[in-house]
């Protein structure tokens, strides 16, 4: 009996028929994790790219101005509505959009811009007019008197795969916020005061040109 058990043990030790199955079972979770990670990363990059395109589109359309200054609220609503279509197939319903008409001072300081006027989508807050100490004039716009449009957009991204697992990690949010900023040269609008650069004035009850002249 003992010899028979010893022979069977030796036979099982030499048997390799289930080795591949065991190895596959061990490595499968790793392969699935890699696949899920690559899929999620590609999806996230695609949405961030679309968000960048949204910022550029809003800035470009706004920089063209309107037939009147300030621009009408109706036109700005149309611009925001039409611009969000570039986000397809992603849902842009929760995208926050802030568009501001920016100005560089006439006194020689070209690093800190001034918010001349600002407008925002319904779920965002427009910038307050005046010196924007939290911003820096982008390279290429650091010219005395320069006027440009600044679009700031953000969106909450929820992972397609693993969002439920992320919630299990204490202190870790299940969502990620993507943001994009796009400065754009003003191509429409009107000149004010002694400035040679045209300025687009966004809708607002107290919208004024950066030099204090009421449009």
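The values are calculated or read from the model by the stated rules, or taken from the named source; none is laboratory data. Here the structure is a predicted model, which is why all the values come from computation and not from measurement. Every residue, glycine among them, receives a Cβ derived from its backbone with ideal geometry; neighbour counts consider all protein chains shown.
Of the residues making up segment 142-152, those that are within 18 Å of residue 107 (Cα to Cα) and buried (at least 17 other Cβ atoms within 10 Å of the Cβ) are 145, 146, 147, 148. Among the numbered conditions (1) touching a strand residue (DSSP E or B) at 6+ places or on another chain (Cβ under 9 Å); (2) exposed (fewer than 11 other Cβ atoms within 10 Å of the Cβ); (3) at pLDDT 90 or above, the only one that residue 139 does not meet is (1).
Could you please find all residues in segment 158-184 being more than 30 Å from residue 197 (Cβ to Cβ) and at pLDDT 85 or above? Scanning segment 158-184 gives 177, 178.
Looking across segment 47-86, the residues that are more than 22 Å from residue 209 (Cβ to Cβ) and either surrounded by 18 or more Cβ atoms within 10 Å (Cβ to Cβ) or touching a residue at least 40 places away in the same chain (Cβ under 8 Å) (or both) come down to 47, 48, 50, 51, 52, 54, 55, 56, 57, 80, 83, 84.
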